[in-house]
Amino acid sequence: MTTIANSSTATSSWAPTTSLVQTGANRSGTAAGQSTAKSTDTVQLSERAQAILDKANADKAATAKLSLSFDEMLQQRTDALTTKLTDAFKGMNVNLDDAVRLQVDKFGKVTAEGPWKEKIEKFFADNPDLAKELKAIAGLNSLKAANAALELYNKEKGSSAPGSKQQQSAWSNYNIRSMNIQTLSGVISLKDGELRSAAMDYIDSIADPTGAKAGPDLVQQQREIARRLA
């Protein structure tokens, strides 16, 4: 009570009320002005509200990605990287009429072949995020190829009895294919606006010998694969 009775405190406490009363007294005279002001007002979210909204949008995007199949997810990432590399290589005057052959090792270092070797390798050294994405895509393609090799094994062994010649042959083929996929796992080429995994080209040439999956240059791809495995 002593604080409220103090004159300086009372003046300070009641000043806002006086201001509100004055505003109310002038309300009728400024109604039109207020109406105009309201039409241009913008809503400012609090930091907490904005954080909640951002999280909701992020959760929505994550949920959408979960609905994608493995192949769809891999294709999206591959297409995005293809666009970035194509634009970058064009900017460096790299001739994209010929295949750009790349290899990424387990440490994420990218090496290249051909007349643009130094230029391309410097580009990836200066852009480690793209080198990291290339490594990830190469790894995912290798995983996909390994799964295709396992499906081939199950198909080739069929319902044969354990230890049968058919099963032994299928198992031998599976081991050879798995080793070859591992050898080719980091090899990727950019040609005709498409990033191609050598591991996938290899297993496609076996699983689909007609070339429907492997593409129109099946013989050339097989020669390239053989060179890589030599």
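Specify which of the listed residues (45, 68, 53, 96) is in a helix (DSSP H, G or I) and modelled with pLDDT under 95.
53
Going through segment 147-175 one residue at a time, which ones are under 31 Å from the mean Cα position of the chain (by Cα), surrounded by fewer than 18 Cβ atoms within 10 Å (Cβ to Cβ) and of a type in the set (A, V, I, L, M, F, W, C)?
150, 152, listed by residue number.
Can you work out which of the residues in segment 178-228 that are open to solvent by 60 Å² or more (accessible area, probe 1.4 Å) and within 19 Å of residue 146 (Cα to Cα) is modelled with the lowest pLDDT?
213
For segment 113-123, state whether one or more residues are under 19 Å from the mean Cα position of the chain (by Cα) and either without any contact (Cβ under 8 Å) to a residue 40 or more places away in the chain or under 24 Å from residue 204 (Cα atoms) (or both). Outline the logic, then answer.
Keep residues of segment 113-123 that are under 19 Å from the mean Cα position of the chain (by Cα), which gives none.
Scanning segment 113-123, I find no residue that is under 19 Å from the mean Cα position of the chain (by Cα) and either without any contact (Cβ under 8 Å) to a residue 40 or more places away in the chain or under 24 Å from residue 204 (Cα atoms) (or both), so the answer is no.
The values are calculated or read from the model by the stated rules, or taken from the named source; none is laboratory data. Just so it is clear, the structure is predicted and the values come from calculations on it, not from any experiment. Cβ coordinates were reconstructed from backbone atoms using ideal geometry, including for glycine residues, and neighbour counts include every protein chain displayed. In case anyone asks, the SASA skips ligands and DNA or RNA and just uses the protein heavy atoms, side chains included. Shrake-Rupley method; radii C 1.70, N 1.55, O 1.52, S 1.80 Å.
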